[in-house]
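The next block holds one structure in the form of structure tokens; read it before the comments.
The values are calculated or read from the model by the stated rules, or taken from the named source; none is laboratory data. Source: prediction; values computed, not measured. Here the Cβ positions follow ideal geometry from the backbone for every residue, glycine too, while neighbour counts run over all protein chains shown. SASA here: full protein model, heavy atoms, side chains in, ligands and nucleic acids out. Shrake-Rupley method; radii C 1.70, N 1.55, O 1.52, S 1.80 Å.
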Amino acid sequence: MKSPTQFFFIQKHILLKLLIFILFICSNNKSNICCNHHFTYTSSLSLKQLKLEGYLSFEKLNHAAKDFGNRCHFLPLAILYPKSVLDIASTLKHVLEIGTRTDLTVAARGNGHSLEGQAQAYQGLVINMKSLQELEMKFKIEELSYVDVSAGELWINILHESLKLGLAPKSWTDYLHLTVGGTLSNAGISGQAFKHGPQINNVYQLEVVTGKGEVITCSEEQNADLFHGVLGGLGQFGIITKARIALETAPKQVKWIRVLYSDFATFSNDQEKLISSQNTFDYIEGFVIINSTGLLNNWRSTFNPKDPLLASNFSSEGRVLFCLEVAKYFNPEDTYSTDQDIDILLSKLHYIRSTLFLSEVSYVEFLDRVHVSEMKLQEKGLWDVPHPWLNLLIPKSRILEFAQEVFGKILTDTSNGPILIYPVNKSKWRKGTSMVTPDEDVFYLIAFLSSAMPFSTGKDGLEHIMNQNKRVLSFCEKTCIGMKQYLPNHKTQEEWKHHFGSQWEAFARRKSTYDPLAILAPGQRIFKRTAACEEQ
């Protein structure tokens, strides 16, 4: 039997070992908590010393941790509201000079329409690009007309201002309440892309602030490597601060037409025929309708049926249908000739004759049509919900196989949101940009634009929609279909390398050249910022 003294020393020895073990665990963890607090404090203190025309805010940060996708929420350390390009440049140069003494990252945020937190920066700095006020729109009207704009400007504002001069940009996105810098960092694709290429094809010049804080003007002729890299570059090489956008003479009116197909091969053949024709429509898109009740009746608020009686007898319930949506731009004095052109174009197509619906609207009404839907959804409280969107580019040679597997099998209805599908010509796209497309000259954009109802566990719930997206991606991977994601979202660098393929080497080189510390756009999850704690 041990004496009380021996028992006391044994107990003390055990407690001492336990204390040493706890200290060892904390030490072995590299003091992450202390490290993070230390470098957060260092970053905050150093940022407060910056002299700016605009200002930094360390409060009311929640909106910078939210985007349209409404699924990722990463709270930043601060928000920069720049008044000038110099504010952005000096801030980035300051972060670079601090180097590995901080792990601060920087993200440019436009109108917050990202889907997966791409414009967020956890415990980093978010730059509110809409506050950049240094440049008003400056128009140049000549043989190649253009407008110089701030990258924080919304496309809808550019449309309204340019129309005052009878001009407009050539290429659009379907939704215009996005910033110039945001769409040029991706591509900017819609129904005009088959004709003019995406928005990155219709910019003459950029001003960019690199990850080193350098302000560089670039174009095809000047600093071309940076120019090509930034276009479609996902914000990795620099922050676009100004852009010179190509303009053309603007039409006043639009003939807007929808027709339906029950056979996908016929539908896609007609789409491909239209985008390859010299005399064709000005806008060509399409969408998928699965098991929709009263479809044509729903169209009547905007469109008029060519044959009301036949249209009233058409049933869409329980069917997989494909809608071709086209538009012809014109001026009122050309109405007769425009109608003739449309009749000739439609006569060559193989749609279901009872489903021809037509509408005539102003050019502005047509281009800003999605905003009308947005306002209706906002009134119902259905706009600020999770949006697990999936955007794919599928090569022409595999589109029929994709459609047969996905439409009606993986997806059995389209009640959670529209599914867009339309082809584009790569020959119309600028070569050498960071934008990644399938290898074939003609490929399709398929956009699954779903909205998930909060707290739902049914077919309209986030989990169900995400599982559908995974099944679509799994099918593409297993069949080696040659798919590329648009607005891509990958979790590991290996996945990003696969995404970029042969372009990865150039992409990585540009990153090391223009943003050597990987400060920019951390929300894309492509390159890892050198962690300050790891240098200890």
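Things worth noting here:
- Ordered by solvent-accessible area of protein heavy atoms (1.4 Å probe), largest first, the residues LEU165, LEU56 come out as LEU165, LEU56.
- Solvent accessible area, Å² - HIS228, 1.4 Å probe, full protein context: 30 Å²
- Extension gain from LEU473 to THR302, taking 0.36 nm per residue of separation minus the Cα-Cα distance: 58.1 nm
- For the stretch 316-343, backbone nitrogen atoms closer than 20 Å to the point 7 Å from LEU358 Cα along Cα-to-C-beta are found at 323-343.
- Exposed loop sites are taken as GluC sites (Glu not before Pro) in a DSSP loop (any state but H, G, I, E or B) with at most 11 other beta carbon atoms within 10 Å; the longest stretch of the chain without one runs 318-536.
- Each helix, a run of at least 4 DSSP H residues, gives -39500 (n - 2.57); summed and divided by the residues of the chain, these come to -10000 deg cm²/dmol at 222 nm.
- For THR513 and HIS350, a Förster radius of 51 Å and the Cβ-Cβ distance give a FRET efficiency of 0.50, rounded to the nearest 0.05.
- In the context of the full set of protein chains, residues of the chain present 47 Å² of accessible surface per residue (probe radius 1.4 Å, heavy atoms only).
- Subtracting the Cα-Cα distance of ASN62 and LYS431 from their residue separation scaled by 0.36 nm leaves 128.9 nm.
- Computed label-point distance, nm, for sites LYS396 and SER276 using a 7 Å Cα→Cβ extension: 0.5 nm
- As a length-normalised measure over Cα pairs under 8 Å and 6 or more apart, the relative contact order of the chain settles at 16 percent.
- DSSP beta bridges confined to the chain are antiparallel in about 90 percent of cases.
- Take the Cα of GLU440, step 7 Å toward its Cβ, do the same at LYS252, and the gap between the two points is 4.2 nm.
- Heavy-atom accessible surface of the chain: percent carbon and sulfur, 1.4 Å: 53 percent
- Square roots of 5 times each gyration tensor eigenvalue, C-alpha, the stretch 312-457, largest first, Å: 28, 24, 20
- Chain lengthening between LEU86 and MET466 when straightened (0.36 nm per residue, less Cα-Cα): 132.6 nm
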